[in-house]
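Okay, structure first, notes after.
Nothing in this text is a laboratory measurement; each read-out follows from the coordinates by a stated rule. What you are looking at is a predicted structure, and each value in this text was computed from that prediction instead of being measured. Cβ placement follows ideal geometry from the backbone for every residue including glycine, while neighbour counts extend to all protein chains displayed.
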Amino acid sequence: MKNKIIIGFVILVALIGLWLMSSYNSMVKANLAVDTQWAQVETQYQRRFDLIPNLVESVKGMMTQEKDIFISIAKARQGYTGAKTVDEKAAAAGQLESSLGRLLMIVENYPQLASGETVKNLMTQLEGTENRVSVERTRFNDTVGLFNTQLVTFPSNIVASIFDFQKRAFFKADEAAAKAPAVKLN
């Protein structure tokens with residue numbers, strides 16, 4: 001009888017150990033998935049940042065009076081390069097989006113500029129990049145949501161607290177992005 005109790009206890013401890021290990025590994029994988037998905041967002045940001053100098057240079061020669069936009073784009077790009085955290089990078093990307101919105105309005109308001117083949121091509125590439133950024137941000141937020149849900153649901157929340165897993169921040173758009181730019185076609 002005593003042996004059966006000991007064997008039952010050993011089996012119970014082994015099952016708890018296996019569950020703990022499985023839950024821990026699941027959370028590590030989910031946490032890494034968040035990091036991996038953020039890397040995808042950054043890849044699209046980098047594509048955007050690589051395209052912007054070409055677009056700016058194409059437009060700059062024809063529009064010397066719009067220097068403030070070019071300066072704000074350069075500052076946002078510089079801010080992104082110097083950013084260390086996900087939140088800092090997201091903020092710099094939001095600043096860039098605001099500046100890009102103003103630049104795109106200018107391009108639309110200058111038909112001779114918008115009709116240039118180089119500008120058309122760059123605008124098409126930039127539009128494609130913006131779509132990719134949007135898709136990757138959505139995937140990032142979905143991945144963060146899955147991870148954060150795992151941290152607060154029972155019984156995995158027990159393992160999360162034991163191993164000090166922390167909630168991850170969702171990507172949030174810059175407040176300026178909520179206001180649509182006014183497009184004036186003359």
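Points to keep in mind about this one:
- Using the Cβ of Ala39 as centre and a radius below 12 Å, the other residues enclosed give a net charge of -1, where K and R count +1 and D and E count -1.
- Label-point separation, Phe154 to Phe9 (7 Å along Cα→Cβ), nm: 2.7 nm
- Ranked packing of 3-11, 15-23, most packed first, by mean Cβ within 10 Å: 15-23, 3-11
- Of the Cα atoms belonging to the stretch 2-178, the radius of gyration and Dmax stand at 24.0, 92 Å.
- Here the gap between Leu146 and Ile16, fully extended at 0.36 nm per residue and compared with their Cα-Cα distance, gives a gain of 44.4 nm.
- Full-stretch length increase - Arg139, Asp87 - with 0.36 nm per residue and alpha-carbon distance subtracted: 17.1 nm
- Gln78-Asp35 pseudo-label distance in nm [points 7 Å out on the Cα-to-Cβ vector]: 3.1 nm
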